[in-house]
Amino acid sequence: MSNDKKTLTSAFGCPVGNDLNTATAGPRGPALMQDVHLLEKLAHFDRERIPERVVHAKGAGAYGYFEVTADVTQYTRAAFLSEVGKKTDVFARFSTVGGEKGSADAERDPRGFAIKFYTEEGNYDMTGNNTPVFFIRDPLKFPDFIHTQKRDPATNLKSPTMAWDFWSLTPESLHQVTILFSDRGTPANYRHMNGYSSHTYKWYNEKNEYYWVQYHFKTDQGIRNFSGPEAADMCGKDPDHATRDLYDAIEAGEYPSWTLEMQILSPEQATDFGWDIFDITKVWPHKEVPPITVGKLVLNKNPENYFAEVEQAAFNPSNLVPGIGVSPDKMLQGRLFSYHDTHLHRLGPNYHLIPVNQPKNAPENSYQRDGAMRVDGNGGGGPNYWPNSFDGPSPDGVSVEPEIPLEGTGGRHEYGHPNNDFVQPGNLYRTVMTDQDRTHLINNIVGSMGSVPAPIQLRQCALFYLADKEYGTRVAEGLGLDVSTVEKLASMSQDERVSETVVE
Ligand code: NDP
Ligand code: HEM
């Protein structure tokens, strides 16, 4: 036995003499309150859990780096993107969305794809998904949508009725629903899937010229998905299979990587595409906006402690560096509030001091002070206000992003082009999917919708039909519905369709 074996101590460093027997009055008890070691141990244990993330609760993470492979200085002045060959430390977390912290990795769900870049200008978080689009395009709908993905308030069971009711009443969801029920809704693991910003962001260069951009992290491992039955099987066999896969691959030196491709539009090019370029339910077709290769993301180090580094990791689309800004995408605008707010609740006001969240390659020079768990020097004796005459940090005057033109009136506006929600899902079904993809899609949908009340099935099938007649017909036939009723519903406006499909 080594001589430097450590002595067990309390959390405050006092040696513990016995960790097996509670101090009692006599050998049979009762326990003595003066057993302060027992009291401290139980009290800490009672507080071991923090709230799980309200969404994306189940996840896995790893460290690595991002390397620039093309000159993009004409588009962005971000220092970490300033030179070919430049490497930046990252931490990535992948997740499912709707399930709790103990839920199965193989559930049908989008996968979170969140990257924290520890740049020399502060932390930049790209908090995306493995899908290029989303279910809704207005943040007001997000809590309602997520409720349908969680548990029924009465039964505490997952409810296909809630999910399909919401989707059938929200036609803009159809594109993402089509991707979710394809085999891309059940990736084989986290290494064999792509990641997308989904949102449009803004890049701007040294001359303060700006561009609208979308990020595509394409897996170098190749896309691999489970079929519906394979995923169901994996949920039972190994609920943690994707977490295990990522950890084991990195331990074995098989470092997963992704190639970053960007779609980039100048404001002049970003004219009328027939849809709004800020609408997150739409993609930018590759033919119209060809992606360019920009860099490589490599993950090569596992965390040493899951709770400290993965559970306490906090991503936020508001963490932006000079050269990268947001777009008017309304969903993104909603997210700019939600993440910092939820971290304050989940991790506390000083969550930026938790090592995985610290801007480790840039100094933090803010005037924020105090608050629970302020565990650094709290600014020492330096000034805690600005402006000040005592040489405290001051704004640099150059980290101001270019202005964008705005138009219209303040009000509760819908996105323009409301009638084109069926075009892109139709293209996906007809021209991108293979025969096998389509068959799996239909089977996955029929399997999920079986228990849903018939009026909701009919309403949803009309949406599939509007995307593609064959798509709607095959789902309707699979559910044993009357196809002529679906066709009739598809010829109506959404409002008429909803009044025709009332659930008794
Ligand atoms: P393209 O033919 O140029 O692109 C189709 C893209 O679809 C592929 O590059 C691939 O993107 C992705 N894809 C391939 N198989 C599937 C599948 N089974 N399920 C979902 N996506 C798949 O056409 P467009 O750019 O005009 O897009 C057509 C449709 O493809 C869109 O409506 C959208 O649904 C889907 N798509 C488009 C993307 C885009 O950014 N334009 C991105 C992803 C999907 P990848 O290599 O990124 O996987
Ligand atoms: C996590 C809110 C849309 C990707 C979260 C969390 C909240 C949230 C509260 C939990 C964060 C935490 O506790 O750490 C919202 C709101 C949205 C929205 C209000 C819309 C208005 C989206 C979209 C994407 C996305 C469109 C992808 C493009 C993620 C990811 C995580 C996450 C990847 C997990 C981050 C991690 O790994 O810790 N979201 N979200 N969200 N969200 Fe969203």
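The values are calculated or read from the model by the stated rules, or taken from the named source; none is laboratory data. Only a predicted model underlies this, so the values are computations on that prediction, with no experimental measurement involved. Neighbour counts are summed over all protein chains in view; Cβ atoms, including those assigned to glycine, are modelled from backbone coordinates with ideal geometry. Ligands, DNA and RNA are excluded from the accessible area calculation, which covers all protein heavy atoms including side chains. Shrake-Rupley method; radii C 1.70, N 1.55, O 1.52, S 1.80 Å.
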Quiz item: Quick one: would you say ASP89 is away from ligand 2 (no atom under 16 Å from the Cβ) and within 30 Å of GLY348 (Cβ to Cβ)?
Solution: yes
Quiz prompt | SER338 assigned to a helix (DSSP H, G or I) and modelled with pLDDT of 95 or more | solution = yes
Exercise. Of the numbered conditions (1) surrounded by fewer than 18 Cβ atoms within 10 Å (Cβ to Cβ); (2) within 16 Å of ligand 2 (Cβ to nearest atom); (3) over 18 Å from GLY185 (Cα atoms), ASN123 fails exactly one; give the number of that condition.
Key: (1)
Quiz item: What helices (runs of 4 or more DSSP H) lie completely within segment 405-504 and have 3 or more residues being open to solvent by less than 40 Å² (accessible area, probe 1.4 Å)?
Solution: 423-427, 435-449, 454-467, 469-479, 483-490
Quiz item: Of the residues SER327, SER318, SER366, which is at pLDDT 95 or above, hydroxyl-bearing (Ser, Thr, Tyr) and open to solvent by less than 30 Å² (accessible area, probe 1.4 Å)?
Solution: SER327
Quiz item: List, please: which pairs have Cβ atoms under 6 Å, are six or more places apart or on different chains, and start with a residue in segment 420-433 that is more than 13 Å from LYS282 (Cβ to Cβ) and end with one that is more than 16 Å from ligand 2 (Cβ to nearest atom)?
Solution: TYR429/ASP468; TYR429/TYR471; ARG430/ASP468
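Per-residue answers, yes or no, for (1) open to solvent by 10 Å² or more (accessible area, probe 1.4 Å); (2) part of a loop (DSSP other than H, G, I, E, B); (3) aromatic (Phe, Trp, Tyr):
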| site | (1), (2), (3) |
| --- | --- |
| ASP233 | yes, no, no |
| PRO239 | yes, yes, no |
| TYR247 | yes, no, yes |
| GLU254 | yes, yes, no |
| GLU261 | yes, no, no |
| ILE264 | yes, no, no |
| ALA270 | yes, yes, no |
| PHE278 | yes, yes, yes |
Quiz prompt | Yes/no for ARG335 being within 16 Å of ligand 2 (Cβ to nearest atom), more than 30 Å from GLN460 (Cβ to Cβ), of a type outside the set (Val, Ile, Thr) and assigned by TED's automatic domain parsing to the domain that holds VAL310 | solution = no
Quiz item: Do we find a residue being aromatic (Phe, Trp, Tyr), more than 16 Å from ligand 2 (Cβ to nearest atom) and out of contact with any strand residue (DSSP E or B) (no Cβ under 7 Å at 6 or more places or on another chain) anywhere in segment 204-225?
Solution: no
Quiz prompt | Pair list, Cβ under 6 Å, 6 or more apart: segment 37-58 residue of a type in the set (Lys, Arg), other residue in a loop (DSSP other than H, G, I, E, B) | solution = LYS58/GLY99; LYS58/LYS101; LYS58/SER103
Quiz prompt | Selected residue [surrounded by fewer than 18 Cβ atoms within 10 Å (Cβ to Cβ), over 30 Å from ALA362 (Cβ atoms), among the acidic types (Asp, Glu) and more than 18 Å from the chain's Cα centre (by Cα)] from ASP165, ASP183, ASP144, ASP152 | solution = ASP152
